[in-house]
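Below: the structure, in structure tokens.
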Amino acid sequence: MDSLHFGWEEWIGLPELGLPALKAKIDTGARTSALHAHDIEVFGPAAKPKVRFNVYPVAGQTQVQVTCSAPIKDRREVTSSNGESELRYVIETTLSVAGQSWPIEVTLTDRSGMTSRMLLGRQALQDHISITATEKRLQPDLSYDVYHSAAVRRAAPKRALRIAVLSREDNYSTNRLVEVGEARGHTVEVIDTTRCYMAINTMAPEVHYDGKRLPRYDAIVPRIGASITPYGTAVIRQFETIGTYCVNGSAGITASRDKLHAHQVLASKRIGMPTTAFAASPKDTGNLIGLVGAAPLIVKLLESTQGKGVVLAETKKAAESVIDAFRGLRANFLVQQFVKEAAGEDIRCLVIDGKVVASMKRTGAEGDFRSNLHRGGSAKTVRITKEERDTALRAARAFGLGKAGVDLLRSETGPKVLEVNSSPGFEGIEKATGKDIVGMLYDMIEARVKPQPVRKRKG
Ligand SMILES: Nc1ncnc2c1ncn2[C@@H]1O[C@H](COP(=O)(O)OP(=O)(O)OP(=O)(O)O)[C@@H](O)[C@H]1O
Ligand SMILES: [Mg+2]
């Protein structure tokens, strides 16, 4: 390596941590280098632990923050210049200065008194470096501008993420999320949503679990069952408050889960759907049917899943008696135009990150107008039209969902959205299409957790 001349302060980069520009103080009194970090948390398997931490690369500007993760090399007792000793995590990373780079050891410390982001100790100052203690910035200048432009995203390295899947089930979808994530070097923790507890009235919103505060996650993948939607979305909101990236937000899950609310959202965005009506009073049965049109009609329990509460009424009389029966049970329901030409088939479009990544046609069992796989339906991959694709995308976007299963009926007047599912299962669609849907979900997560450029403060 060419010899380098350092003053008491130099611009350096730590590219493997996504920190392309930092000012470092040369500290020949210390052996190991130190990086000022926040929220230092250990994660991953005990045999191969990793550490996740946040760095404010620009002194005095806490809005510029880069999240880093690295394997832990060691834990070491370090005595700092003020004489206090502290047990610190040691990581190994690459130091880059003036086009040269070499590996260094860095300890992580969260000392509020530490004014420099970084101290370079003797171990990092190799033989080819000479130091003049009375001068500074003898090496090429770097700029903090990188953190204020898209360059910060390009500089972001591939790093191990800490991800929580909110799920109570040990099923195909949850298992695939764990397997695929771990194969990519991430740590995926499955959290039972109902075992999360939290204090809402604190200054620092936190989520607790099994007697401990849950750590900071890079991403939350909600897979919350319909029966616990209000509690599950409250847990997600808590994560949203602390700024954690959630693949699906609480508001979108809540709105899409409520059939009435969902239909209103779709209608407000002028997204095609079967004509739908609902009422609460028994006096309105006749008018309700009139609003939707003539029989045959579909009557649907609002809390229906897996096709269980979906009834086809062939005549007006049949529709009236189904409605009266549901009312007698105090059940909430809606009345919907029957899209006959769909002929027991619907199209499931899987939307990830604003793209339809897979679609399948589900065909109901012989003689059933319902195409639910749980009712003996079968699935086959299908080519969808541009109009169907646009409809699915707009439906997912209407609820702000990063991942969604959009169910469409093929009607004479174009695609009609039946439902937007915020926790689509992956088994049916991965098996029908042979696509690595979960892998695509991780592509989105990896892209989304990269640091965002922060707008520069004036003055
Ligand atoms: N208006 C309609 N016209 C024609 N077929 C319909 C209509 N509504 C539903 N179906 C058929 O019945 C199936 C089940 O309906 P839907 O998806 O609305 O209820 P669900 O599956 O019980 O509830 P969820 O999908 O919310 O879990 C659909 O997949 C579709 O094949
Ligand atoms: Mg359905």
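Worth a mention:
- Bridge orientation summary for segment 91-216: considering DSSP beta bridges with both residues in this region, about 70 percent are antiparallel.
- Members of Lys386/Lys431; Lys23/Lys73; Lys380/Lys435; Lys361/Lys431 lying beyond 21 Å, as alpha-carbon distances in this model show: Lys386/Lys431; Lys23/Lys73
- Accessible-area composition of segment 1-120, carbon plus sulfur, in percent [1.4 Å probe]: 47
- Cα-based helix-to-principal-axis angle, 386-398 vs the chain, degrees rounded to 10: 70
- DSSP loop GluC sites (Glu not before Pro) with at most 10 other Cβ within 10 Å: longest gap in the chain: 85-365
- Cross-link partners of Lys456 among aspartates and glutamates, defined as those whose alpha carbon lies under 12 angstrom from its own and excluding same-chain residues fewer than eight positions apart: Asp145.
- Shape box of segment 354-447 [Cα atoms, principal axes, largest first, Å]: 45, 29, 21
- Over segment 218-327, the ratio between the Cα radius of gyration and 2.2 N^0.38 Å evaluates to 1.34.
- Solvent exposure of the chain as accessible area per residue, Å², 1.4 Å probe: 48
- Cα-Cα separations in segment 1-134 greater than 19 Å, expressed as whole percent: 47
- Note on Arg122/Asp436: beta-carbon distance plugged into 1/(1 + (r/R0)^6) with R0 of 56 Å gives a FRET efficiency of 0.70.
- Set of lysines near Lys316 by C-alpha distance (under 24 Å), chain-local residues within fewer than 8 positions excluded: Lys259, Lys283, Lys300, Lys308, Lys340, Lys416
- Apportionment of accessible area to carbon and sulfur, segment 293-370, percent (1.4 Å): 52
- From its DSSP helices (H runs of at least four residues, each -39,500 (n - 2.57)), the chain gives a residue-normalised ellipticity at 222 nm of -6500 deg cm²/dmol.
- Principal-axis tilt of helix 229-241 within the chain, Cα atoms, nearest 10 degrees: 30
- In order along segment 304-309, the Karplus-derived 3J(HN,Hα) couplings, from 6.51 cos²θ - 1.76 cosθ + 1.60 at θ = phi - 60°, round to 5, 9, 6, x, 5, x Hz, and Gly and Pro are given as x.
- Look at the alpha carbon pairs under 8 Å that are at least 6 residues apart: their mean separation over the length of segment 79-215 gives a relative contact order of 12 percent.
- Column: log10 I(q)/I(0), Debye, Cα scatterers of segment 128-246, q = 0.14, 0.17 Å⁻¹: -0.71, -0.91
- Site pair Glu77 and Arg111 shows an inter-label distance of 1.7 nm when each label is modelled 7 Å from Cα along Cα→Cβ.
- Compared with the dominant principal axis of the Cα atoms in the chain, helix 437-448 is inclined by about 50°.
- Separation of alpha-carbon centers, segment 61-98 and segment 291-346, rounded to whole Å: 63
- DSSP beta bridges in segment 29-130 [antiparallel fraction, %, rounded to 5]: 85
- Restricting attention to the chain, close to 80% of DSSP beta bridges with both partner residues there are antiparallel.
- Segment 391-412 and segment 212-229: distance between their alpha carbon centers, rounded to Å: 23
- Rounded to the nearest whole angstrom, the semi-axes of the ellipsoid equivalent to the chain, taken from the Cα gyration tensor as √(5λ), stand at 56, 21, 19, largest first.
- Taking segment 304-459 and dividing mean pair separation by its residue count, relative contact order in percent (alpha carbons under 8 Å, at least six apart): 20
The values are calculated or read from the model by the stated rules, or taken from the named source; none is laboratory data. Computed from a prediction, not measured in an experiment: that's the story for all the values here. Backbone-built Cβ (ideal geometry, glycine too); neighbour counts: all protein chains shown. Note: accessible area is taken over every heavy atom of the protein model, side chains too, but ligands, DNA and RNA are not part of it. Shrake-Rupley method; radii C 1.70, N 1.55, O 1.52, S 1.80 Å.
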